[in-house]
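Step one of this worksheet: look at the structure below.
Every number here is computed from the coordinates shown, using simple stated rules; none is lab data. Remember, predicted model here, so these are calculated numbers, not experimental data. Cβ coordinates were reconstructed from backbone atoms using ideal geometry, including for glycine residues, and neighbour counts include every protein chain displayed.
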C-alpha cells in the first residue's frame, strides 16, 4: 500500500479515449422480465396479430367473392306455365350460347332449385304449386358491367319474353361494403394498438429512466455519452419487447388458427375464400418485428429527451 | 507572460445561481495550472460543492466564462462534454457509487466507458483495489461496505483512468487518519508522477499541512479569497502562509 499502483505508459490514456462504443453492459441492473411491460406488449401484439389476420382474411374473402362473381350474371325466366317456362329457358340458353363474350351457360336443374328453396318454402318448393323461375348461370369472358347486362337483356328480349338479367355481384354489393368496413375497422384497431404499444413503452422507458436516474447521473459525470446510456436502456427495451412480441405472436397465431378451424368447419363456400395465403403469413410475421421497432423507436426518443435535461 | 504554462481551468467573472435564488457563487475569476495541487476551503455553505460542480461539468454557470483544457465551456455543445469529463476524476462527497455494481465494477467504470480493453481493465482495477487495501472486497457491493471502504472505492474510481484533473469533495471525511494520509499520498503521486492537477475541497485544516506544495483557495459566501497567493502567478505554496486559511 506504500507504493501507488503503476501508472500507465504515456499515450495509454489516448488509447482509452480512442476506443468508442464499448459495451455498456452491466451499468444498469439486468433485465428480469419482472415488470408488466413484456406482458402488456404480448397482449397488444396478440391483438394486432388477430386484427391483422382478420383484416387479411376479409380482404381475401372479398377479393375471392368478387373474382367469382364479377363476370357472372343470372338470367331468370319468369313464367307461371311450366311448359312455356321450360321452352323459354331452353331458348334463352340457345341465345346466350350463341352470344359473343359468353364463356359458359348452365340451366340450373329444377331439382337443384327446389333443393335450394326447400329450407324456406318447405315441400311447396317441389309440389309445383309455387311457380319457380327458370334460372340460368352465365359466365362471361369479361366483367358483368351495366353495359354488358344491357347487351344480354337486349339479345334476350326478342326471343325470351319475361327474362330478367342480374349481375351476380350486384346481390353482394352490400356484403362487399360490410367487408370493406370491417377491413377499415381492423386497420383502425391495428393503429390504435400500435399507439397503445408506443404509449406503454414510453411510460416504461420513462419509469425505468427515473428509477435509474442516480446511476445515469453517475455514469454521465464519469464521461458516458448519450449513446452509451441510451444503448443500455435500449438493450433492456429490446429484450423485453422481443420477449413480449414472441409471446404475443404465439398467442395471436394460436387464436387465428383456432378461428380458422372454426370457419373451416362451417363448410361455406364464401368462408372458404377467406383463408390466409403465404404472403399474408409474411405480413403477420412482420407484426412482432414492427412492434419491437416501435418499442425501440419510442424508447430512444423518450431517453434522448430525458438526457437532454442533463448537462 | 509568455512563459506561463497553458491553464487547465480559467474562470472569468463567473457567477452561479439556482433558479431565481441569489447567486451562490459570485465574480469568480481564477486560473488553475497544470501539475498544481489545490485545496479549496471554506465554511459549510460557502459554495465549495457548487464550485466543484462547475469544475466537474455537472453545472453550467449563470454568467461569466469558463475555459477548461483550452476549450470554451460556455459555447461547447453538450455532445462534446463527455470527452472533457473523461479527462476528469471526481470523488463525490457522498461517494455516488453505483449500488448494484461490485467494488471492482465501480472502479472499472471510467475505463469501460472509455472503451478500454477488458484485460487491461482487470489488471488496472485489481492493482488499484490492492493499493487502496480493498482487494479482498472486490466482489462486494456498496451496501455491504463500510463508509471508509466506499470512500476508498470512490477514490480508486476517480484516479483509475489517470485523469488530467482530479476533483475531490471531502475525500478523507470517512476514513481514519492513516488511510487519509495514504489517500493524500496517492493524490500526490498522481500530481507528481502524472502531472494531474488536483483540487481537494476539505474542512480539515490539518490536511493542508500534509501536502507541502499545495495551494489554497478559500471560499466565503460565494466569493473567492486568496490568502496564500494561490491565485497569483507564479503561485505560492500554502506552506509559506498556511495560517491564513
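Hey, what angle do you get for helix B:118-131 against the long axis of chain B, alpha-carbon based, 0 to 90 degrees rounded to 10? Approximately 80 degrees, to the nearest 10. The calculated FRET efficiency for the pair residue A:238 and residue A:84, based on their C-beta separation and a Förster distance of 60 Å, comes to about 0.20.
Relative to the compact-globule estimate of 2.2 N^0.38 Å, the Cα radius of gyration of region A:71-142 comes out at 1.18.
Kindly express, to the nearest 10 degrees and within the range 0 to 90, the angle between helix B:177-189's C-alpha long axis and the longest C-alpha principal axis of chain B. Tilt relative to chain B: about 70 degrees. All alpha carbon pair distances within the protein assembly as shown were sorted into 10 Å bins beginning at 0; the resulting P(r) in whole percents reads 3, 14, 17, 14, 10, 8, 7, 6, 6, 6, 5, 3, 1, 0. With R₀ fixed at 45 Å, the C-beta to C-beta distance from residue B:139 to residue A:283 puts the FRET efficiency at about 0.35. At q = 0.14, 0.15, 0.17 Å⁻¹, work out log10 I(q)/I(0) for chain B with the Debye formula, treating every Cα as an identical point scatterer and leaving solvent out; two decimals please. These q points yield log10 I(q)/I(0) values of -0.93, -1.07, -1.34. Look at the stretch A:222-231: the mean tally of other chain Cβ atoms within 10 Å of its residues' Cβ atoms is 6.
Take every DSSP beta bridge with both residues inside the protein assembly as shown and express the antiparallel ones as a percent of the total, to the nearest 5. Given both bridge residues lie in the protein assembly as shown, the antiparallel proportion sits at roughly 65 percent. With neighbour counts taken as other beta-carbon atoms within 10 Å, the residues A:234, A:117 rank, fewest first, as A:117, A:234. Report, to the nearest 10°, how far helix B:147-159 tilts away from the longest principal axis of the Cα atoms in chain B, using its own Cα long axis and a range of 0 to 90°. Once rounded, the angle reads 70 degrees. For an R0 of 35 angstrom, estimate the FRET efficiency from the Cβ-Cβ distance between residue A:117 and residue A:94 and round to the nearest 0.05. Computed FRET efficiency for residue A:117 and residue A:94: 0.85. In plain terms, the chain from residue B:210 to residue B:27 could stretch by 62.9 nm, reckoned as 0.36 nm per residue minus the Cα-Cα distance. Only helices enter the 222 nm calculation for the protein assembly as shown: every DSSP H run of n ≥ 4 contributes -39,500 (n - 2.57), and dividing by all residues gives -16500 deg cm²/dmol, rounded to 500. Each of residue B:178 and residue A:304 was given a label point 7 Å from its Cα along the Cα-to-Cβ line. The distance between the two points is 5.5 nm.
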